[in-house]
Amino acid sequence: MTNITVSLPDDLAQQAQAAGLLRPETIVELLREAMRKRQVDQLFATMDRLAQIKPALTEAEIDAEIATARADRARRR
């Protein structure tokens, strides 16, 4: 287990304490949720970048490659 020290503005610390947010189990839950959100945000950012990449082949060329591969596999049987 790792211990950390966090400096907060007094008013925020008081509000967080009153809301029960400074308990270790609550902080763990908040950090885990923040990490999940960050991972989802990164996934969608990556998907957006990938969507902007133009494929090297057109859809028709991809279909033709698939058909060729299937025909080759059928001939080998």
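Work out the charge dipole of the chain with +1 on the Cβ of Lys and Arg and -1 on the Cβ of Asp and Glu about the Cα centre, then indicate which of A45, I62, T5 is farthest towards its positive end. Highest projection toward the positive end goes to I62.
Couplings 3J(HN,Hα) for segment 53-63, derived from phi with the Karplus relation 6.51 cos²θ - 1.76 cosθ + 1.60 (θ = phi - 60°), are 7, 7, x, 5, 10, 6, 4, 5, 5, 5, 4 Hz, where x marks Gly and Pro. Using 0.36 nm per residue and subtracting the Cα-Cα separation, the extra length available between F44 and Q15 on full extension is 7.1 nm. Could you tell me what % of all Cα pairs in the chain have separations over 18 Å? Looking at the chain, the distances longer than 18 Å represent 69 percent of pairs. The phi-based Karplus calculation (6.51 cos²θ - 1.76 cosθ + 1.60; θ = phi - 60°) puts the 3J(HN,Hα) values of segment 2-7 at 9, 9, 10, 10, 10, 9 Hz, whole numbers, x for Gly and Pro.
Basic side chains Lys and Arg get +1 at the Cβ, acidic Asp and Glu get -1 at the Cβ, and with that the dipole of segment 10-76 about its Cα centre reaches some 460 debye.
Since every read-out is calculated from the coordinates, none of them should be taken as a lab result. Please read all numbers here as calculations on a predicted model, not as lab measurements. Reconstructed Cβ throughout: ideal geometry from the backbone, glycine too, with neighbour counts over all protein chains shown.
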